[in-house]
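For reference, the structure discussed in these notes is given below.
The values are calculated or read from the model by the stated rules, or taken from the named source; none is laboratory data. Computed from a prediction, not measured in an experiment: that's the story for all the values here. So basically every Cβ, Gly included, is an ideal-geometry build from the backbone, and we count neighbours across all protein chains shown. Areas reflect the complete protein model, heavy atoms only, side chains present, ligands, DNA and RNA absent. Shrake-Rupley method; radii C 1.70, N 1.55, O 1.52, S 1.80 Å.
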Amino acid sequence: MLMKTPLRSVLTIAGSDSSGGAGIQADLKTFAAHGCYGASVITALTAQNTQGVHGVHPCPPEFVAQQIHSVLEDLEINAIKTGMLYDVENTKQVVESLKTHYKNKPLPSLVCDPVCVSTSGHTLLHPESVELLIDELFPLATLITPNKAEAELLLSSRNPFADITSLEDMLSATEQLLSFGSAAVLLKGGHITSTMTDVIRISSGHPGINVVRQGLYDENMEILQTGIDVADHPELVVDVLYQSNGKKSLFVMPRVDSTSTHGTGCTLSSAIACELACGLTLEEATKNAAVFTHMGIEAAHPMGKGHGPLNHLHSLTTLKIPQRTLYNPYPFTRMLIQSTAKLWKEYVEHDFVKRLGRGVLEIEAFSHFIRQDYHFLKYYARAYGLLAAKSTSFLGIESSAQAILNILQEIQTHRALCESFCINFQELENTPEATTTTAYGSYLITVGLEGDATKLLVALMACLLGYGEVGLWLTKEASKENSWVVMEGNPYKKWIEDYAGQHYQNAVKIGLETIETLAIADPPSPARLEEWRGVWERCTRLERAFWDMAMDARK
Ligand SMILES: Cc1ncc(COP(=O)(O)O)c(N)n1
């Protein structure tokens, strides 16, 4: 018999959004994207679209009770999420049904998204229900996930003029919200702009606080650039998690400038419920769910005339979307680059590269580099051989074989280039291999021997992509008026042209397409993703070291 991993079931109790971006529809899509089975209890129907909510038709409370009963008496539910409850009757009913059903057994993880007002400004919870939500539902909840407006509304019911405008306000608001009785509070920072300075100030003022940097910042918490398309000083979104055991965490993400945010709160709370259903800790669940939601916004398609939905199914469908170039053509690769943005920039904009672009790079440095690169390419080709061995489709084998042929061609170019610099073939072959070359090359072989195809491709991409980036960057700079990059009379012109050329850029494109396909066909677990990030970072570091080595060879 086929062994199956247990399917986790998650229930959403929420309102229906006819336009499919928020509510029940967002929740079920998010459950599916997480590989969870989704059940749903509808509290109200809404007639809405990306421009607003045009009507609400609440479900009779008896029927809400009947739906909950039908689901819970039959299915084993591993986590529950509540969203729009709309009125006093239904809020009361949800609390009562949950209490009745779980009288003699533990309530599964309950994530309560206190949906009060839609992004478009429509009331989704009657004001009289707020007290009930606080007094009756929150004490049952594992987590509540208010945004700024919801937190202000909840707090104002006890304390007039609650106004949350800074990270400090957020911290004190979470503390007050926790006193309403849930086991934890996640206050979402989407409507409050923070900077890294704010995060540093808060974390130094609260020694116990855990800053989860989502892999976007280096150890010194400097703001980084991808070198491709991230602003110099990005505005941040910081979510604050406060647990009743006293643990406080900040989840720091760059702000995505997008109007495709309809359903963001529903998606985040649903993703957390799925992660909790799968047994993750609250902190891990929040971290993964925040990344999931962030990527959903990045991968969104413009839809409708107003605030369109995020892409709930980005992890399943990004590659199948015809015009992938709309916002972010390579989300997985971009995420890798962002995770090592500073290092990446140090590699592709290395002094070696800049001097080469100006045509003033010392011949000793280039000669050392080209000889070592010649040795390195042997490892590189062998690693692609391992990739072919790990491929299970002819397409995979073909693209690895093609990569090897490309490397063999690159070797020919190196030999010709060396001759033009008066280094003959024998001299090239006889050059001793430097430690840095061995370190990098043998690391690729090790990853190839021990890991899966995607991990090996991640290792190979740092070189493939980096050289492509260097070629394009220098060429683009050269085309500017009074550019610092000199092509005429530059002894390294041919080298630049080769990497900016169609042939090499085509190889880069194939590499990108392949890695995105692999990462989406077999979505990584958080642990596996972290491992891939580590491989990426190490290879980027080794690339930087390669050019450091060349610079050290100058007399
Ligand atoms: C049924 C339903 N549930 C929740 C929301 C909130 O979502 P948003 O804040 O994106 O409008 C909504 N608009 N409709």
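Laid out as a table, the results:
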| quantity | calculated |
| --- | --- |
| Distribution of pairwise C-alpha distances over segment 416-544, 5 Å bins, in % | 2, 9, 14, 15, 18, 16, 12, 7, 4, 2, 0 |
| Two-decimal Rg to Rh for the chain - Kirkwood Rh, Cα set | 1.05 |
| Volume of the Cα convex hull of segment 331-552, divided per residue and given in Å³ | 117 Å³ |
| Cleavage-rule hits, chymotrypsin sites (Phe, Trp or Tyr not before Pro), segment 90-199, DSSP coil, Cβ neighbours within 10 Å at most 13 | PHE161 |
| Three principal axis lengths of segment 1-153 [C-alpha, angstrom, descending] | 52, 33, 29 |
| Net lengthening on full extension, THR413/HIS54 (0.36 nm per residue, minus Cα-Cα) | 122.7 nm |
| Apportionment of accessible area to carbon and sulfur, segment 25-129, percent (1.4 Å) | 53 percent |
| Extension gain, SER156 back to GLU175 (0.36 nm per residue minus Cα-Cα distance, nm) | 5.4 nm |
| Pairwise centroid distance, computed over Cα atoms, of segment 84-99 with segment 17-73, Å | 14 Å |
| Lysines whose Cα lies under 21 Å from that of LYS378, excluding same-chain neighbours fewer than 8 positions away | LYS390, LYS455 |
| Spatially proximal lysines relative to LYS92 (Cα-Cα < 28 Å; intrachain offsets below 8 disregarded) | LYS29, LYS81, LYS103, LYS105, LYS148, LYS188 |
| Rounded to 5, the percent of DSSP beta bridges in the chain classed as antiparallel | 45 percent |
| Trypsin sites (Lys or Arg not before Pro) restricted to segment 1-57 and DSSP loop, no more than 15 other C-beta within 10 Å | LYS4 |
| Theoretical ellipticity at 222 nm over the chain - DSSP helices of four or more residues, -39500 (n - 2.57) apiece, nearest 500 | -17000 deg cm²/dmol |
| Under-5 Å amide H pairs with ALA39, H placed in peptide plane, nonlocal only | VAL10, LEU11, THR12 |
| Distance between modelled label sites at GLU73 and GLU283, nm, 7 Å Cα→Cβ extension | 4.2 nm |
| Per DSSP, loop trypsin sites (Lys or Arg not before Pro) in segment 90-124 with at most 14 further Cβ within 10 Å | LYS103 |
